[in-house]
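Inspection log for the structure reproduced underneath, given as structure tokens.
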Amino acid sequence: MKDFKLMCFAFVLFSGVLYSQTEQQVYNYFKGISKEKGFEKLDSLINMSNKKEDVIYLKALVASNVYDDYEVAILSYEQYLEVISDTLSNSMVYLNLCKNYYKIGQTEKAQQFLKKAEEINPENPYILHELGYMIDEYTPENLEIQYKYYEKALQNAYKFEYSKKDKFLEPMILGNIGFNLYHQKRTEESEAYLLQSVSIKEDKNVFNNLANTYQRLGKYDKALQYYNKTLSIDPKYLYAINGKANTYFRQGDKEMACKFWEEALKSGYEYQDEWNAQYDIENPKTLVEKHCNKK
């Protein structure tokens, strides 16, 4: 019965009906079983299905999004490409190959597949978003290019039926536009996009970026409010713990600042020098030595 139910989910998923809800149901199914059993089930379904390509694609999605097994995801996507001839479908497979190669640190391979995806379907909002997301050097020129990709992705997300059905795409793009604007020092604009993002879907990263935004604007109580929202989702989110410390310090509360700096360091927070320019923060280890534990 469970296998029949899973096949029904898979059919609905690939026929494009209630995509987000059905996808989550499939993922929840596999979260309840081990990776070994999950792949065994999927391989069995591949052998018994008359639409093998759909189950192969499903295996790739589950490998990546449930089990974090990016190598199996890559192999499954490559297997899918061997049996499918639909060019537009290929563009999404290339996009997913890009994401999975990026996750295992093969950036050059990721870029190659992203370029293939763009060549096939340059108006696809998912591909446009990824073109922006893959830009990770925050020079003024790169930030402007990234912003244009995100803006076009957002425009196109409202244009196509398949993207309008996806309840996660719009808040993701809005959140990343807000993050981009923060790095461009367009802080008030950043706030507006980030607030719009979390009004659709709450997300710890966007909450944390909102907190950073309010800290830069000098709205320290609001900054603490959003760091706490972040930590209510993930109590071990180190950037929010360190962010609280920096906010308390700017409010003049050294005792609370020291408490959270020390908590962040004890929990494994690792500072990067470029964050001084990007976020106007200092190494908490240096700050603890300078301001804390002094009798």
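Between TYR27 and GLN155, how high is the FRET efficiency from 1/(1 + (r/R0)^6) when r is the Cβ-Cβ distance and R₀ = 41 Å? Nearest 0.05. About 0.90, to the nearest 0.05. Less than 20 Å from a label point 7 Å out along the Cα-to-Cβ axis of LEU75: which backbone N atoms in region 91-108 qualify, by residue? Residues passing the 20 Å test: 93-94, 96-106. Distance between the modelled labels on THR286 and LYS103, one decimal in nanometres: 3.6 nm (7 Å Cα→Cβ projection). Shown here for region 57-165: chymotrypsin sites (Phe, Trp or Tyr not before Pro) in loop regions (DSSP other than H, G, I, E, B) with at most 16 other Cβ atoms within 10 Å, namely TYR138, TYR158, PHE160.
By the gyration tensor of its Cα atoms, with a ≥ b ≥ c the square roots of the eigenvalues, what is the shape of region 227-294: rounded for a/c under 1.5, prolate for a/b over b/c, or oblate? Rounded, since a/c falls under 1.5. When the Gaussian network model of the chain links Cα atoms closer than 10 Å, the mean-square fluctuations of GLY32, GLY243, GLY178 top out at GLY32. For region 198-207, backbone phi angles converted through the Karplus equation (6.51, -1.76, 1.60; θ = phi - 60°) give residue-by-residue couplings of 6, 6, 8, 8, 6, 8, 5, 5, 6, 4 Hz, Gly and Pro being listed as x.
Residues CYS98, CYS258, arranged from fewest to most other Cβ atoms within 10 angstrom of their Cβ, appear as CYS258, CYS98.
Stretched out straight at 0.36 nm per residue, the stretch from GLN278 to VAL83 would grow longer than its current Cα-Cα span by 65.6 nm. Can you work out the FRET efficiency for the pair GLN225 and LYS254, with r the C-beta to C-beta distance and R0 = 25 Å, to the nearest 0.05? My answer for the efficiency is 0.75.
Its relative contact order, with pairs defined as Cα atoms under 8 Å and 6+ residues apart, puts region 123-201 at 28 percent.
Answer with a single label: of [x] 16.0; [y] 16.9; [z] 20.4, which was calculated as mean projected area of the Cα convex hull in nm² from the structure in view? Computed from the coordinates, mean projected area of the Cα convex hull in nm² corresponds to [y]. The simple Förster model, with R0 at 30 Å and r as the Cβ-Cβ distance, assigns SER232 and ASN65 a FRET efficiency of 0.80.
What shape does region 34-117 take by its C-alpha gyration tensor, where a ≥ b ≥ c are the square roots of the eigenvalues and a/c under 1.5 counts as rounded, a/b above b/c as prolate, and the rest as oblate?
Since a/c reaches 1.5 but b/c is at least a/b, the shape of region 34-117 is classed as oblate.
In percent, rounded to a whole number, the relative contact order of the chain is 8, using alpha-carbon pairs under 8 Å and six or more apart.
We did not get these values from a lab; they are worked out from the coordinates using the rules stated. Keep in mind it's a predicted model, so treat the numbers as computed, not measured. A quick note on method: Cβ atoms are made from the backbone with ideal geometry, for glycine too, and the neighbour counts reach across all protein chains shown.
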